[in-house]
Amino acid sequence: MASIKLTKNELKKQKDDLKQFERYLPTLQLKKQQLQLVIMQVDEELEQKNQEYAAMVNGLDDWVAVFSENSLFAESQKIETLVKPDKVICTDNNIAGVIVPVFRELTFKDISYDVADYPLWVDEALVRMREIAKLRVLRQTLKKQSDLLNRELRLTSQRVNLFEKVKIPETKENIRVIEIYLGDQQTSAVVRGKIAKKKRQVAAV
């Protein structure tokens, strides 16, 4: 415990500090609960999107035969050249005091091609490739949300522990020590006053 002044002014300061700590602690505890709840929701959504992504990628197995035709195209005409992500559009959202990105859209560069150069399955393949790309970016955004929220949760938990286990007990102990000291001083002053009074009475006789 740091050394403290055993004075009335210090006692008032310690009591004011204690009021502030005890007023601030419930706010921190509420924020911690909110963060835990939101993290659980984000992680559940991320797990769901991971499963959707895996299913979508596994679904491409049905396309292996047709995709093999891709190798027959010239390099400049391969299917992957027709799907090029352009911009990731996100908005910022404030969750329990944490600014996190929220995925809105993934845009693609407008690439025109002559349908006569490709078999019929290419249109459907391009739709699937865009869906997979969007889902991949959504997963990345959810992961970033989770990382930011977990970092804030760690900081908030540290503050809660600081107030609960250090600041509040320490301040209460400071108050106890000061009050004991001031009480002793007051008792000593009363005793000294009585002794002085008795001496004056004896001297007056």
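The values are calculated or read from the model by the stated rules, or taken from the named source; none is laboratory data. No experiment lies behind these values; they were computed from the predicted model shown. Don't worry about glycine lacking a Cβ; one is built from the backbone with ideal geometry, like all the others, and counts go over all protein chains shown.
Being modelled with pLDDT of 90 or more and over 30 Å from Glu44 (Cα atoms): is that true of Val166 here? Considered against the rule, which asks whether it is modelled with pLDDT of 90 or more and over 30 Å from Glu44 (Cα atoms), Val166 comes out as yes. Being over 11 Å from Val83 (Cα atoms) and either in a helix (DSSP H, G or I) or of a type in the set (D, E, K, R) (or both) is the filter here, so list the residues in the range 100-121 that pass it. Listed by number, the residues that qualify are Arg104, Glu105, Asp114, Val115, Ala116, Asp117, Trp121. Answer yes or no: is there a residue in the range 173-185 that is touching a Pro at 6+ places or on another chain (Cβ under 6 Å), assigned to a helix (DSSP H, G or I) and touching a residue at least 40 places away in the same chain (Cβ under 8 Å). No, the range 173-185 contains no residue that is touching a Pro at 6+ places or on another chain (Cβ under 6 Å), assigned to a helix (DSSP H, G or I) and touching a residue at least 40 places away in the same chain (Cβ under 8 Å). For the range 134-150, does any single residue satisfy the condition of being surrounded by fewer than 16 Cβ atoms within 10 Å (Cβ to Cβ), without any contact (Cβ under 8 Å) to a residue 60 or more places away in the chain and touching a strand residue (DSSP E or B) at 6+ places or on another chain (Cβ under 9 Å)? Yes, the conditions are met somewhere in the range 134-150. Applying the condition of being closer than 27 Å to Leu30 by Cβ and basic (Lys, Arg) to the range 163-180 and asking which residue is surrounded by the most Cβ atoms within 10 Å (Cβ to Cβ) yields Lys167. Of all residues being modelled with pLDDT under 95, surrounded by fewer than 16 Cβ atoms within 10 Å (Cβ to Cβ) and not charged (D, E, K, R) in the range 81-92, which is farthest from the chain's Cα centre (by Cα)? Just the residue, please. Per the criteria, the residue is Thr81. Once the range 109-148 is narrowed to residues that are among the hydroxyl-bearing types (Ser, Thr, Tyr) and in contact with a helix residue (DSSP H, G or I) (Cβ under 7 Å, 6 or more places away or on another chain), the residue that is modelled with the highest pLDDT is Ser146.
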